[in-house]
Structure formats: structure tokens, C-alpha cells
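The values are calculated or read from the model by the stated rules, or taken from the named source; none is laboratory data. Because the structure is predicted, anything quoted here is derived from the model rather than measured. Cβ placement follows ideal geometry from the backbone for every residue including glycine, while neighbour counts extend to all protein chains displayed. Note: areas computed on protein heavy atoms with side chains; ligands, DNA, RNA excluded. Shrake-Rupley method; radii C 1.70, N 1.55, O 1.52, S 1.80 Å.
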Amino acid sequence: MKLNVVILYSAGHLGSAMIMNKLLQMPEINIVGVVKAQPLKLSFKGWSRIKQHLRKVGWRFAWLLFWQRCIQGLGYLITLIFPFLRQRLKPAWKIASEHNIPIFHCQNINDESCQNFIKQLNPDLIISAYFSQILKKEIISLPKKGILNIHPGWLPSYKGAMTYFWVLKNGSDRGGVTVHWIDEGIDTGEVLARRSFPLKANTTQEKVLMLTAVIGASLIRSVIRKLVSDKDVTPLIIEKEQDMYYPMPGEKDFENYFEQRRFFRIRDVLGLLVMKKHR
């Protein structure tokens with residue numbers, strides 16, 4: 001038996017693309033649709049929200065994020081030019097196009113139009129791969145089995161946004177990845193699998209992000225195989241662990257981070273092109 005799966009991903013997000021590449025290789029699932037969270041449109045309302053976001057995070061971080069996306073785009077382009085690298089990393093939209101997977105571009109996943117798109121696909125399972133929007137109960141109730149989220153942090157200690165940033169800013173010596181069911185809270189659903197990994201002194205935010213994607217893909221494949229074989233997928237029992245929520249970092253948070261670490265290195269991103277395959 002195969003599971004019909006809809007993937008939720010964020011446009012231009014490296015973690016989303018890495019998860020899509022891994023899931024495409026799974027014989028246990030059929031990817032029947034993709035919901036793509038679009039960046040803000042350059043309308044009057046969209047530009048107003050962009051300026052508000054820039055005031056919060058600061059221009060230095062915004063520039064670094066833009067430069068980071070440019071390097072990622074170069075990496076995608078290289079994989080398209082050189083055939084022997086094509087199975088390493090493709091943008092999610094490219095995968096959808098090549099495999100005739102319908103894709104829905106959304107500003108808000110909770111809109112009725114997006115709900116109807118998912119309903120028509122009748123998925124067994126939805127997988128959130130670094131998706132940037134909060135899901136309401138109308139969406140959560142659509143798939144037969146539920147919605148799995150790959151969270152780039154150790155739950156419940158690192159709930160919220162950009163946990164791969166916060167774990168470094170806080171000076172933690174280990175990062176983490178968690179696969180959990182999505183409910184109506186923020187990163188509060190039942191935890192099915194999680195794994196930690198060591199952080200080195202020179203580790204960048206980009207490197208942590210890539211590690212969470214590689215490890216997260218491995219964890220979610222294990223969970224999916226249990227679902228396909230009708231094995232018991234028992235939530236982990238978590239007791240007496242710190243429960244913390246982290247918001248989107250602000251300009252001061254980024255400035256403090258930059259005093260301690262690099263945000264990303266070009267070689268980290270391009271290193272994906274020769275990264276060994278992980279089972």
C-alpha cells in the first residue's frame with residue numbers, strides 16, 4: 001500500500017527543497033500535490049508588510065538572506081547544467097514540474113481555494129517541510145491520517161521560528177530535529193521521533209539548517225514506513241523537559257549573533273552538490 005501525500009513547502013527555502021528531493025525517492029508514497037507558500041507580492045499591501053518585516057529583522061540580515069538565496073539559486077542552476085549532479089538537489093517546483101505533480105501557489109493556506117485544492121487530491125497524509133504558515137483546523141482535518149511536521153529543533157525545548165538560528169545564538173552544544181503531528185497549537189502536537197546532533201564552534205545557521213533537513217528526512221521516512229505497514233506509531237513520552245517558545249528573531253538578536261558566528265558560508269551551500277547520500 002502506498003500513501004497519497006501532499007507536501008507543504010516554502011518558496012526558496014533550502015530545507016523544503018532538500019526534503020522534497022528525499023521524499024521523491026520513497027517508494028512507499030505517491031506525492032499527489034504540492035502547496036507552495038509564496039513570498040509577499042510587491043503590491044501596496046505586500047510592500048507595507050515587507051517594510052514592517054525589514055524594520056524588525058534589520059537590513060543587514062535582509063541583505064545576508066538575499067545573498068544566501070542567490071547562492072542557493074546558483075547551486076540549483078549547477079545541478080541543472082551537470083547531469084551527474086541532478087539527483088543531488090533540485091528546487092521543489094522543478095520536481096513538481098518534471099513529475100506532473102499539481103502545485104498550488106498560496107498566500108494563505110487556510111483560504112477556501114487552497115482547502116478545495118487539497119480536498120480534490122484526497123490525501124492520506126500531508127507533510128509540512130519547513131512550511132512558513134500556521135495551519136487552522138479546517139486544513140488539519142483534511143488528510144485521513146493527519147499532518148506530519150519536520151521541525152528543525154528539539155521539541156519541546158525549541159518551539160517556534162528559526163530554531164536553527166536560536167540554538168546557535170543560545171550557545172547550545174547540540175541541535176535537534178523533531179517529527180510530530182500538527183495540531184492547532186504551535187509545535188505542540190504529539191512527538192513521534194527526534195534526534196540530536198553536536199554543534200561545532202564554527203557551525204553556521206545554514207549548516208544547522210542542512211543537517212536538520214538531512215536528519216529530518218531520515219526520521220520522517222522511518223515514521224512513514226511504520227504508517228504504511230500499519231505498525232503502531234506511538235508518540236514519545238516526554239517528561240520534565242524544558243518547554244520554550246522562540247519568536248521570529250529581531251534586529252538585536254541578529255546583531256548579537258553576528259558578533260559570535262557566521263550566518264552562512266558559500267562552501268556550505270555548494271557542498272550540497274557533492275554531499276554523500278544519506279539513507
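Odds and ends about this structure:
- Global geometry of segment 85-124, whether rounded, prolate or oblate, following the gyration tensor of its Cα atoms and the 1.5 cut on a/c: prolate
- Average accessible surface area per residue within segment 122-201, 1.4 Å rolling probe, Å²: 39 Å²
- In this structure Trp93 has an accessible area near 130 Å², from a 1.4 Å probe over the protein heavy atoms.
- Accessible area of Thr204 in the full protein assembly, 1.4 Å probe (Å², nearest 10): 0 Å²
- When all protein chains stay in place and ligands, DNA and RNA are ignored, the 1.4 Å accessible-area order of Lys90, Lys119, Lys169, Lys207, largest first, is Lys119, Lys207, Lys169, Lys90.
- When the C-alpha to C-alpha distance is required to be over 32 Å, the pairs from Lys119/Lys207; Lys145/Lys240; Lys22/Lys200; Lys136/Lys231; Lys22/Lys240; Lys94/Lys144 that qualify are Lys119/Lys207; Lys22/Lys240.
- Neighbourhood charge, 14 Å Cβ-Cβ cut-off, centred on Asp173 and excluding it, Lys, Arg +1 and Asp, Glu -1: +4
- Ordering of 233-240, 221-228, 183-190 by packing is 221-228, 183-190, 233-240, highest average first (other Cβ atoms within 10 Å, averaged per residue).
- Ranked order, Ser97, Ser172 - accessible area, probe 1.4 Å, largest first: Ser97, Ser172
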